[in-house]
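Participant: Pasting a structure here, questions to come.
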Amino acid sequence: MRAREGDSPAGASDGPSLPAVGAGLRRRLLRQEGGTPPEAPPARVVAESWPPAPGAAAASARASPRPADGAALVGYMQRRALEQFAGLVEAAAGGPQGRQALKQAIAAVLVEQNLVLAGYTRDALAELLVAEIAGYGPIDPLLRDDTVSEVMVVGPDRVYVEREGRLEAVGARFRDEDHLLGVINRMVAPVGRRIDRAQPFADARLPDGSRVHAIIPPLALDGPALTVRKFTAQAFSGRDLVRLGTLSGEMLEFLAACVRGRLNLLVSGGAGSGKTTLLNALSQYIAGEAERIITIEDSAELRLAHPHVVRLESRPPNLEGKGEVTIRMLVRNALRMRPDRIIIGEVRGEEAFDLLQALNTGHAGSLGTLHANSPRDALVRFENMVLMAGEALPHAVVRAQIASAVQVVVHLARQPDGSRRAVEVATVAPDLGPDGRPALATAFRYFPGRLAFVREPGFTLDPLHRAQVAAAGAALPAWLEGVEPA
Ligand SMILES: Nc1ncnc2c1ncn2[C@@H]1O[C@H](COP(=O)(O)OP(=O)(O)OP(=O)(O)O)[C@@H](O)[C@H]1O
Ligand SMILES: [Mg+2]
């Protein structure tokens with residue numbers, strides 16, 4: 001921690017040895033908030049500034065000078081908390097009740113010591129201290145705000161959030177890079193990572209399931225960059241996605257039939273286009289207890305309501321570079337676990353090879369996502385990833401395997417207004433096209449100008465796929481059976 005003006009170090013997040021709040025601080029008694037109650041001792045710690053309080057107006061927050069005494073107050077309270085109620089600090093991570101108990105204990109110390117911070121009510125100050133001591137500092141309120149879906153920090157002074165699909169700058173600030181680094185390390189430490197110049201990036205997951213990525217200088221040029229994809233408490237259902245305008249009702253009906261009918265389906269799209277969300281929604285159409293599902297993810301995000309699910313999560317190497325468990329290893333393990341279906345959070349490397357073999361040897365009805373720019377690009381990427389595995393399969397063989405392994409591709413795109421749309425749904429013919437590549441047939445397209453999803457005239461499901469759906473006991477939408485709804 002960088003101490004300022006000879007102040008006590010700001011141990012908000014990781015300062016183990018905090019000197020007592022002493023003369024240095026008392027000398028700088030600045031002013032007291034709201035007058036002294038008759039019996040109370042004079043205020044001992046008063047500060048001029050601090051990164052903004054939860055909910056503080058962005059403008060005033062930007063105008064705040066760098067904090068000085070606020071940091072010392074945090075350091076002091078952190079030390080007291082660890083000495084006197086370490087159990088409460090620990091419990092605060094466990095949920096709102098524990099948090100409330102810690103807040104009350106902190107509020108009691110504030111009253112007992114008559115500690116105030118200019119611009120803060122006691123309650124807001126206690127809240128800020130809880131966030132600093134047991135939470136994630138200035139971004140803690142954002143992480144607990146249900147309207148925020150993503151929190152992005154670029155250096156100590158720039159914090160952005162995504163709300164309803166749109167990016168916005170917010171007023172939260174870190175004191176300095178060390179403060180931000182401390183918060184990052186607190187996020188990644190529970191999963192056994194540490195971030196420093198030698199290991200300047202890390203992935204982690206917060207206890208609530210939110211996904212964290214951090215990368216710091218020298219790799220990040222403008223200070224530590226932190227990205228938190230929040231775990232949404234309420235997973236979107238297929239119906240929700242129709243309501244949000246991501247799918248049309250007809251598309252959902254078609255995709256649900258494909259999932260029930262055990263066709264293998266890929267969700268493609270760019271970063272943050274809603275692939276995992278759609279995958280999760282579609283997986284809810286896997287019917288019946290008779291199926292054993294294995295999910296494989298880098299960071300468990302899927303929430304299947306299905307009763308018989310085995311969830312697997314990959315593991316990065318430890319600090320000594322050992323112990324890595326890749327998605328590919330998990331796919332191989334999964335194959336020995338008698339899965340009926342395999343769901344892969346994201347296919348992005350050599351595991352594509354093993355997945356392809358799995359899809360071609362049973363496991364019908366498997367699902368996965370991958371980053372791509374279109375359904376065609378998704379198949380090309382899949383092919384490249386299979387080739388990356390270095391198993392020396394000829395291109396033609398890989399393409400033929402892909403054509404028989406993948407039946408449906410749904411492509412998502414994030415629109416300028418923040419909404420996510422399934423811009424194309426296509427099926428893959430079981431045989432290669434005349435050009436020796438997998439042949440796609442578009443079922444639906446989204447027309448941004450008309451804000452409309454349109455079913456491709458003349459689209460029909462390949463007889464082989466049709467037979468597969470029927471064999472799984474699933475019904476196709478009426479329009480696909482040749483009976484157009486009135
Ligand atoms: N259909 C949707 N409509 C509106 N917002 C959505 C939709 N789907 C997802 N989101 C929001 O977009 C964000 C990204 O969603 P999701 O994790 O599903 O994307 P992704 O494509 O899997 O991202 P990544 O490429 O990082 O894996 C989430 O915050 C989620 O709440
Ligand atoms: Mg995803």
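The values are calculated or read from the model by the stated rules, or taken from the named source; none is laboratory data. Just so it is clear, the model here is predicted, and its values are computed rather than measured. No Cβ is skipped: glycine too gets one built from the backbone with ideal geometry, and neighbour counts run over all protein chains shown.
Participant: Pick from Gly261, Gly288: which is surrounded by 18 or more Cβ atoms within 10 Å (Cβ to Cβ), under 18 Å from Gly473 (Cα atoms) and over 17 Å from the mean Cα position of the chain (by Cα)?
Facilitator: That would be Gly261, the only listed residue that is surrounded by 18 or more Cβ atoms within 10 Å (Cβ to Cβ), under 18 Å from Gly473 (Cα atoms) and over 17 Å from the mean Cα position of the chain (by Cα).
Participant: Go over the candidates Gly345, Gly272 one by one and state the one that is at positive phi, in contact (Cβ under 8 Å) with a residue 60 or more places away in the chain and within 16 Å of ligand 2 (Cβ to nearest atom).
Facilitator: After ruling out the rest, the residue left standing is Gly272.
Participant: Restricting attention to segment 297-316, which residues are more than 13 Å from ligand 2 (Cβ to nearest atom) and within 26 Å of Glu383 (Cβ to Cβ)?
Facilitator: Leu312, Ser314
Participant: Arg399: in a helix (DSSP H, G or I), of a type outside the set (Gly, Ala, Ser) and within 15 Å of ligand 1 (Cβ to nearest atom), yes or no?
Facilitator: no
Participant: Can you tell me which residue is nearest to Gly390 (Cα to Cα) among those in segment 348-367 that are assigned to a loop (DSSP other than H, G, I, E, B) and within 16 Å of ligand 2 (Cβ to nearest atom)?
Facilitator: Per the criteria, the residue is Gly349.
Participant: Still on this structure, I have one more. Condition test on Ile133, is it at pLDDT 95 or above, hydrophobic (A, V, I, L, M, F, W, C) and in a helix (DSSP H, G or I)?
Facilitator: Against the criterion (at pLDDT 95 or above, hydrophobic (A, V, I, L, M, F, W, C) and in a helix (DSSP H, G or I)), Ile133 does not qualify.
Participant: Here is a further query. When Tyr120 is evaluated against the numbered criteria (1) among the hydroxyl-bearing types (Ser, Thr, Tyr); (2) at pLDDT 90 or above; (3) over 22 Å from the mean Cα position of the chain (by Cα), which criterion, by number, is the only one it fails?
Facilitator: With respect to (1) among the hydroxyl-bearing types (Ser, Thr, Tyr); (2) at pLDDT 90 or above; (3) over 22 Å from the mean Cα position of the chain (by Cα), Tyr120 is out only on (2).
Participant: Moving to a separate point now. Residue check: is Ser248 modelled with pLDDT of 95 or more, more than 16 Å from ligand 2 (Cβ to nearest atom) and of a type in the set (Ser, Thr, Tyr)?
Facilitator: yes
Participant: May I ask you to list the residues in segment 89-104 that are surrounded by fewer than 21 Cβ atoms within 10 Å (Cβ to Cβ) and not charged (D, E, K, R)?
Facilitator: Val89, Ala91, Ala93, Gly94, Gly95, Pro96, Gln97, Gly98, Gln100, Ala101, Gln104
Participant: Among the listed residues Arg328, Arg376, identify the single one that is assigned to a helix (DSSP H, G or I), surrounded by fewer than 21 Cβ atoms within 10 Å (Cβ to Cβ) and either within 16 Å of ligand 1 (Cβ to nearest atom) or more than 25 Å from the chain's Cα centre (by Cα) (or both).
Facilitator: Criteria check complete, one pass: Arg376.
Participant: What number of residues in segment 252-289 are in a helix (DSSP H, G or I), in contact with an Asp or Glu (Cβ under 8 Å, 6 or more places away or on another chain) and near ligand 1 (Cβ under 8 Å from one of its atoms)?
Facilitator: Counting residues in segment 252-289 that are in a helix (DSSP H, G or I), in contact with an Asp or Glu (Cβ under 8 Å, 6 or more places away or on another chain) and near ligand 1 (Cβ under 8 Å from one of its atoms) gives 3.
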